1. Which one of these is more than 10 Å from chain A (Cβ to nearest Cβ), touching a residue at least 40 places away in the same chain (Cβ under 8 Å), among the acidic types (Asp, Glu) and in contact with a Leu (Cβ under 7 Å, 6 or more places away or on another chain): C:Glu307, C:Glu354?
2. Test A:Leu203 against the stated conditions and say whether it is closer than 23 Å to C:Arg249 by Cα and within 14 Å of chain C (Cβ to nearest Cβ).
3. Being surrounded by fewer than 24 Cβ atoms within 10 Å (Cβ to Cβ), under 30 Å from B:Lys274 (Cβ atoms), in contact (Cβ under 8 Å) with a residue 12 or more places away in the chain and not small (Gly, Ala, Ser) narrows it down to one of D:Thr138, D:Thr186, so name that one.
4. For region B:19-119, give me every one of the helices (runs of 4 or more DSSP H) that falls completely inside it and has 3 or more residues that are in contact (Cβ under 8 Å) with a residue 12 or more places away in the chain, outside the structural domain of B:His165 (by TED's automatic domain parsing) and more than 19 Å from the chain's Cα centre (by Cα).
5. Any residue at all in region C:235-242 that is over 16 Å from the mean Cα position of the chain (by Cα), at positive phi, surrounded by fewer than 24 Cβ atoms within 10 Å (Cβ to Cβ) and not polar (S, T, N, Q)?
6. Quick check on this structure: which one of B:Gln290, B:Gln267 is under 20 Å from B:Arg361 (Cβ atoms), more than 25 Å from the chain's Cα centre (by Cα) and in a helix (DSSP H, G or I)?
7. Which one is farthest from C:Ile129 (Cα to Cα), of the residues in region C:310-328 that are surrounded by fewer than 24 Cβ atoms within 10 Å (Cβ to Cβ) and more than 9 Å from chain A (Cβ to nearest Cβ)?
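The values are calculated or read from the model by the stated rules, or taken from the named source; none is laboratory data. None of the values given here were measured: they were computed from a predicted structure. Using ideal geometry, Cβ is built from the backbone for each residue, glycine included, and neighbour counts are taken over all protein chains shown.
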Amino acid sequence: MDLSYGPEYEDFRAELRAFIEKNQHKAPPPGMGMKHPEALEQDWQKLLIEHGYTCRTIPKKYGGYGAEPDILKTVIIQDEFTRANVNSGLSGQGIGMLVPTLLENGNEQQREKYIRPTIYGEIHWCQGYSEPGAGSDLASLRTNARVEDGHFIINGQKIWTSGAHFADMCFILVRTEPEKPKHEGISYIMMDMKTPGIEVRPLVTMTGAAEFNETFLTDVKVPVENVVGKRGEGWKVANTTLKHERGMLGDPSQLLSRIESILKILQNETLDGKRLIEHAMYRDRLIAAQAKTEALKFHSLRLLSHTLKNEDPGVSRLIVKYYGTTLSRELSDIALEALGELGQLYMGSPHVRSHGSWQWRNMFDLGLIIGGGTSQIQKNIISERGLGMPREPKLAETK
Amino acid sequence: MDLSYGPEYEDFRAELRAFIEKNQHKAPPPGMGMKHPEALEQDWQKLLIEHGYTCRTIPKKYGGYGAEPDILKTVIIQDEFTRANVNSGLSGQGIGMLVPTLLENGNEQQREKYIRPTIYGEIHWCQGYSEPGAGSDLASLRTNARVEDGHFIINGQKIWTSGAHFADMCFILVRTEPEKPKHEGISYIMMDMKTPGIEVRPLVTMTGAAEFNETFLTDVKVPVENVVGKRGEGWKVANTTLKHERGMLGDPSQLLSRIESILKILQNETLDGKRLIEHAMYRDRLIAAQAKTEALKFHSLRLLSHTLKNEDPGVSRLIVKYYGTTLSRELSDIALEALGELGQLYMGSPHVRSHGSWQWRNMFDLGLIIGGGTSQIQKNIISERGLGMPREPKLAETK
Amino acid sequence: MEFGLSDDQKLLENSFRRFTEDKLPLERIRELANKKTGYDADIWNGLVELAATGVIIPEQYGGAGFKMLDAIVILESLGRTVTPVPFTGTAIMAPVALLTGGTEAQKEEWLPQIAAGEVKFGVGVTELISTRDSKGVTLSGDVLNGNAMFVIDGGPADMYLIAAGPDNMAIVPRNAPGVTVTQLTTIDYSRMHTEVKLENVKADLLGGKGKATEAIRKCIMAGRLALAADTWGAAEVMIYKAVDYAKERKQFERAIASYQAVKHMCAEMITELDPFRSLIWYAGHAYDEAPQETLINVLLAKSGIDEAAKFIKRTATEVHGGMGFTDLMGLHYWYKRVSVNRALLGTPEMLRNEAAIAQGWLAA
Amino acid sequence: MEFGLSDDQKLLENSFRRFTEDKLPLERIRELANKKTGYDADIWNGLVELAATGVIIPEQYGGAGFKMLDAIVILESLGRTVTPVPFTGTAIMAPVALLTGGTEAQKEEWLPQIAAGEVKFGVGVTELISTRDSKGVTLSGDVLNGNAMFVIDGGPADMYLIAAGPDNMAIVPRNAPGVTVTQLTTIDYSRMHTEVKLENVKADLLGGKGKATEAIRKCIMAGRLALAADTWGAAEVMIYKAVDYAKERKQFERAIASYQAVKHMCAEMITELDPFRSLIWYAGHAYDEAPQETLINVLLAKSGIDEAAKFIKRTATEVHGGMGFTDLMGLHYWYKRVSVNRALLGTPEMLRNEAAIAQGWLAA
């Protein structure tokens, strides 16, 4: 165990703190990312990249900072932005998923063309994976593409395309070889959202907002060079991306800052004249959740160490999504339950706390438990790949 | 809903109270039933039967009280004995399982021969169902019997034969037609435990006690007339009995009296000078468990009403074992956790509370969750038979 | 002796289930929710025709003269279709308060109007259960001041019953001078509760000054019981929606209902839910037949079903997968109904604490 | 920078796992448990040879001079085989107390003996955490009176460190006049804790009168950390025993490991368990490298792993079915070890309350 914060890192932290202190007036408020990045976000992102506070390890030639991976600096960056509650730069599926995929599976031309504008917030991406009939069983997707005149002609329907209504581009999975077994006929394609034939309809969710969309595709023409990896290998390529997505979801620093917010609620709100924190039940639950969050924090550090050394941490990585999303829901449950009736108020109501964001969060947490592989799928993966338990046995042919 | 305690029932309750008041000095202490009933228990049982306070609906000609089923009286009897904490008569697998089975599936001769001495505690029974390799999949049992000279010759091994070391008789499932499909070759046989070839070995469990036994059978000779129902129909016959067993396990009055005991602990024991009941966490958990127990109490009444009217209560009956055993474990958890270190002390230790019976209870509760159909099996039953969800699909042949 | 619904009650159950299911297919539920009024005239009139608003009002005041258990049968049905009507406030809490504590004149004035569906009541008692943003309403002389939070069904109400301390309850018209009503929007758009501010409002006191102690106590108790029954109905529907969806939805070439994980989630839901129906029924029965047992059973019933519903609302949504998270399936209307019910008239933690006090386990 | 065990620590881990697994096949665990002594000379001597008893004792006092994280690696192994030795009291709590608060003479007297395995220490601090049956020990002048409950590893101990209030800790030989030792038998027969009664016992005070505040504080903290690591090791073994059993056991013509219900139980167990290893490691690391972060991390680590182990002990037993309930499989030795660990030196509820105070969320 070597967590020594030697002079180099202390300097780094001091610089970062000074940077935040000096520049935070330029930062956009930490946001939900539900709109296209505007000038304010783009300028902030540029400043952060220049200082190596985001997109740190993306090569310089693609517009990143080009640093070697350095866990401690990553952690310090996370820590300090969380602590200051300052926007830590753009996130989203372009930066989080497409860029790593291009770095791993794209060709040089694709990398040069797309990575820089993506990380600078000029191109905003959405993801076209799921379909109404293909959820957990993603590979059963039916959106298809035939090739004509050097173009894919895409037809079908996608769901959960978050941000599709303001995205510039979409990375999409389509069936290009329908005759092949279900995992082998899929391709990973980058599609311009301005192409004719794309219709985006908002998908209203339980939160009442339309965080996602349904996207209908009718004879959408996309140049064949927009395929990432080889044609028919989209399943493998997508799994790179999914791996990155799963990594994203256990984010302990987000959970830690949520604990801080709940603590403030418990300290400031009263029930029968007594501060909520003095009601043992809520306090006890919050600290139980804090213990799990702290465990996840160090667990994440451990996983990062493994990654740096190219070691496979086995089951330890596989549990992160299930653990993190469940924990996140427990946190928003605590906030809501401690607030009693007030916790049930929603956006726009008098007396509502935090603009109803705890209710939104709580429902969205449930969405996260389900999305990107339900808890049931996660437990299958944990037990099969992590613990070596047998896969679901083959069924007899039914007639 | 008609729960009116009309004059007839008020009289009945008053009589019963007077009976208990007057006779309780004759009652043996409420016991675990881990030994053969002795004169004290037998006399008490006789007195109870004579007054119709146990074995109430068993026909007079078999030694019972011969009353019509009357839920309210059943409830009053349960209530009053629990309230007074007085022994409510013999229980165990003979009275609880064999007698109902004989009433339903036995022939007249068997009923006349066995029911009376069983309910009077003269014949004590054990159950020979499970085998080391046949637990949840009971029908895969391999203990077998061939027929020679009007006798079954039984060979094999049984496990979980509680009380086998002091039982007079055993009702046992054996494979009598090995060539038939697994559910069709089984017979239900009554076996005298004094027959040569029976060896009973105590099975030590996690509680440290030997509540159960392993029973080894070598060429055990049992007359063919001891089969209950038809030969080869033992699976059906046993299922009658299992149904009765499952009914027994959710016993709400036992749970209610356990809540009383825990309450006493919380009221009498202190932590840092404050009574445990004043520590919100334990109190809250106890009341949450009380709510479930009260729900189970009325749920049981509802099931009894259905039974009386020969209605099938469907899923409502199927949940009882899972609900009751889980709840029982939660109750003993609360007792132990509230007691802190003292709760971990075991039989014979200085400072131990209730002779360590809460730890015993807690481990035994886990045994009950597992025994008689694990929670997983229960949930299969609830979802398949209760909710009409599909059975586990047939597997492809593996080679 | 029989524990269960009588034949009459089963008929009642059938007719209300048919009525609510006819009136409220999913599209209609969605449409009405979007209005955020907590009321629909067509459904309300239908309920009046079925004599539901007067279910527990004696015949002498124009009601059906039924028992609380009959009301529970109706409430289960209303919960099953997340029915947007001010039933708890108008048909349960207000009649209980009036019957228990009203003067004969007050009963004669209001009960027939309630039974006839001519007036809708909101009931404000929250501050007697707990105070958060408001300390409630005070009475000095015959004048009321203060504000009442989470007045049950206050959105569509014409009249209010507002508690002023534990012993007084005022009958206040919505349009009386000094009354300001503010709608509180929860996640559940099927019922609308309000804040009611009173500035020097002249009070018509239920039963006279200091005479409403028992009326308030029973009114809260009945309200809790009503919410419990409503939650029971809504939660049961969520389970069967999940079971049905699982039988339809195929993934990996199998109905997901054939996966043990999904089956066990459904088994756990029904197990948590089912026994509480009996406890709710018994509490309703006790309300009329064994009053001294009502309070504790109501406290245990509501806190218990609230916890069960918390598990069910989440698990049923998970069984539906992504679809459960969308508005397409509409499952969230039920989710939100039981969420808000849980928080109203006492959270489970508060009810359990009250149960400890009610049983003498703890000093008040 | 690296979060994880160093190569040296991995070697240490391997050698201790090999040692304990060699020494403690199931039959031996059973045999030693039946003795109820919490001690075995053969294993103890082996540990001494491996320099384990002096793991955190500096070389100048005859120890290995390692860090707390190295001790945690050893403790995990001891937990894995429910090893019947007084390690927590002797090799963790006592050295921490002596090193933190002892005079140079006390260190020189006791630390080399501990490192050499010549003395075994029991540590009595329970009453500083909570009082139930005992109010603890008081010091007047230089004389001790009172009784200490649940003296950790007090069964096989030759010497005791007994706290007398928050500022004093006495070094007491078992055979000193006025000392009465009573064995407290918990369900876990692998370690034996005691009650120690002191009647006018002359005290040798750690560091002198009123000088042990910090020693006691760190001794409790280190003891909690040791129990957490022990529980982690024991709980992990329970999971893999369940997984292995499920792969072997066939019901309905299939290994039960192929049933989704069983798979998900195992997945849930490992998920609850695994992250706490990192938190325990970090708390151990912080003990030497970031002392100000130790307390809160220890409180969260022990309370967290205790809750995880509660779930695991039950679930692993359920996966084993009836066999898990018998002594044949022996799973219960692990079950009981983690059960008792949970209750010692603060239950999870108490630790969480302490964590609230430690973070200033609540007044002390």
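1. Details: C:Glu307 fails: in contact with a Leu (Cβ under 7 Å, 6 or more places away or on another chain).
Exactly one of C:Glu307, C:Glu354 is more than 10 Å from chain A (Cβ to nearest Cβ), touching a residue at least 40 places away in the same chain (Cβ under 8 Å), among the acidic types (Asp, Glu) and in contact with a Leu (Cβ under 7 Å, 6 or more places away or on another chain), namely C:Glu354.
2. Values: closer than 23 Å to C:Arg249 by Cα: yes; within 14 Å of chain C (Cβ to nearest Cβ): yes.
In short, yes.
3. D:Thr138
4. Numbers: elements: B:39-51, B:71-84, B:99-105, B:108-119.
Qualifying helices (runs of 4 or more DSSP H): B:39-51, B:71-84, B:108-119.
5. The answer is no, given that none of the residues of region C:235-242 is over 16 Å from the mean Cα position of the chain (by Cα), at positive phi, surrounded by fewer than 24 Cβ atoms within 10 Å (Cβ to Cβ) and not polar (S, T, N, Q).
6. On the way: B:Gln290 fails: more than 25 Å from the chain's Cα centre (by Cα).
So the residue among B:Gln290, B:Gln267 that is under 20 Å from B:Arg361 (Cβ atoms), more than 25 Å from the chain's Cα centre (by Cα) and in a helix (DSSP H, G or I) is B:Gln267.
7. Within region C:310-328, the match that is farthest from C:Ile129 (Cα to Cα) is C:Thr315.
Residues are listed down the side, and each one gets a yes or a no for (1) assigned to a loop (DSSP other than H, G, I, E, B); (2) of a type in the set (A, V, I, L, M, F, W, C):
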residue	(1), (2)
C:Thr100	no, no
C:Glu108	no, no
C:Ile114	no, yes
C:Leu128	no, yes
C:Phe150	no, yes
C:Ala157	yes, yes
